[in-house]
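What follows is a short report on a single structure.
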Amino acid sequence: MKEILEAIERSAIRIKRAIDVKDIGYSQEQNSSGETQLQLDIQSDLIIEEELSHVASVHTIASEEKELPMLLNEAGHYFIAFDPLDGSSLVDVNLSVGSIFGIYEGEFIGSKLLASCYVVYGPRVELVFAYEGTVKLYLLQEGEFEYVKEIHLGEKGKINAPGGTQQFWAPYHKAMIDSFFAQGYRLRYSGGMVPDLHQILLKGGGLFSYPGATDKPEGKLRQLFEVFPFALIFEMAGGQAIDGTIRVLDKNTAHIHDTSPCFFGSKHEITVVLDVYGRN
Ligand code: F6P
């Protein structure tokens with residue numbers, strides 16, 4: 001696990017450099033979800049692939065930017081799913097973006113997720129690593145990631161980050177989101193999953209939602225690369241992650257690019273979601 005974390009750290013430093021200097025013109029390539037890939041996406045994907053290929057314990061990798069998983073080492077036992085540059089369309093407007101990693105044991109399913117990591121490329125570069133029940137925050141300082149603190153969620157937060165297109169939401173979902181605002185929750189939503197969830201984690205709690213809706217019944221966010229890694233982080237930080245009715249890490253994955261509706265939050269907000277979705 002130590003070698004994997006070090007490979008992620010090296011990748012993050014190289015990706016940050018690419019973000020800072022790279023001409024971010026769009027490439028002609030499309031990823032498996034049909035989105036036009038940024039040069040930066042492709043570059044970040046290759047950086048991570050290269051760094052992980054040096055780690056003998058990594059058996060297979062799966063990237064949000066690649067159609068199929070890639071075998072690296074038959075003798076390895078970790079399966080790593082990653083989104084190399086999540087929210088990359090925000091780079092041109094200079095909002096924060098991130099890389100997300102899920103480290104699975106033996107196969108790509110939620111119940112085998114052992115550790116998760118994400119990196120936020122913002123005004124500062126921060127890394128969060130969740131493993132063996134604790135969530136640790138690191139800050140990039142002069143080329144090295146320095147430990148800052150453990151992250152713990154409160155029972156209840158003040159942030160509401162509602163994803164998706166409102167016109168397609170179920171009426172009960174809209175009513176629930178409105179009721180959080182009516183109770184004083186503040187809107188915080190940049191359109192980048194990594195900084196939006198990072199904010200909830202570091203400000204002690206709240207709710208991030210990306211529901212199933214009429215335009216996207218299974219939501220938008222991908223299970224292996226986005227939803228499961230953050231679910232583990234929220235659970236280890238004392239919060240919860242559900243799809244509306246069940247724990248996301250208990251969900252099955254038929255295809256590596258499957259998506260899932262998702263709600264990440266501290267305990268109070270998730271109890272509200274379970275109540276609303278349980279009745280509808
Ligand atoms: O999956 C990519 C992503 O940019 C996430 O980082 C983010 O949470 C989500 O899409 C935003 O989607 P939308 O623009 O539909 O709110």
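How far is helix 39-53 tilted, in degrees, relative to the longest principal axis of the Cα atoms in the chain, given as a value from 0 to 90 rounded to the nearest 10? Long axis of 39-53 versus the principal axis of the chain: about 70 degrees. Which shape class, rounded, prolate or oblate, goes with the stretch 2-150 when its Cα gyration tensor gives a ≥ b ≥ c as root eigenvalues, a/c under 1.5 marks rounded, and past that a/b bigger than b/c marks prolate? Judged from the Cα gyration tensor, the stretch 2-150 comes out oblate (a/c at least 1.5, b/c at or above a/b). With each label modelled as a point 7 angstrom along the Cα→C-beta vector, the residue 246-residue 183 pair spans 2.6 nm. Accessible surface area normalised per residue over the stretch 159-278 is 37 Å², counting heavy atoms of protein chains with a 1.4 Å rolling probe.
Residue separation times 0.36 nm, minus the C-alpha to C-alpha distance between residue 175 and residue 255: what's the value? Could you put the intermediate results ahead of the total?
Numbers: separation 80, 0.36 × 80 = 28.80 nm, distance 3.25 nm.
Taking 0.36 nm per residue and subtracting the Cα distance, the gain is 25.5 nm.
Taking Cα atoms only, the orientation of helix 267-278 departs from the longest principal axis of the chain by about 70 degrees. Dividing the summed helix terms, -39500 (n - 2.57) for each DSSP H run of n ≥ 4, by the number of residues in the chain produces a 222 nm estimate of -9000 deg cm²/dmol to the nearest 500. Take every pair of alpha-carbon atoms less than 8 Å apart whose residues are at least six positions apart; their mean separation over the length of the chain yields a relative contact order of 15 percent. Placing pseudo-labels 7 Å out from each Cα toward the beta carbon at residue 214 and residue 73 gives an inter-label distance of 5.1 nm.
Could you provide, to the nearest whole Å², the per residue accessible area of the stretch 2-150 with probe 1.4 Å? Can you show the working numbers first?
Numbers: 6840 Å² over 149 residues.
It amounts to 46 Å² per residue over the stretch 2-150.
Across 118, 189, 147, mean-square fluctuation computed from a Gaussian network of the chain (C-alpha pairs under 10 Å connected) peaks at 147.
Once the Cα atoms are used to define both axes, helix 193-202 deviates from the longest principal axis of the chain by about 70 degrees.
The values are calculated or read from the model by the stated rules, or taken from the named source; none is laboratory data. Please read all numbers here as calculations on a predicted model, not as lab measurements. No Cβ is skipped: glycine too gets one built from the backbone with ideal geometry, and neighbour counts run over all protein chains shown. The accessibility values were calculated without ligands, DNA or RNA, using every heavy atom of the protein model including side chains. Shrake-Rupley method; radii C 1.70, N 1.55, O 1.52, S 1.80 Å.
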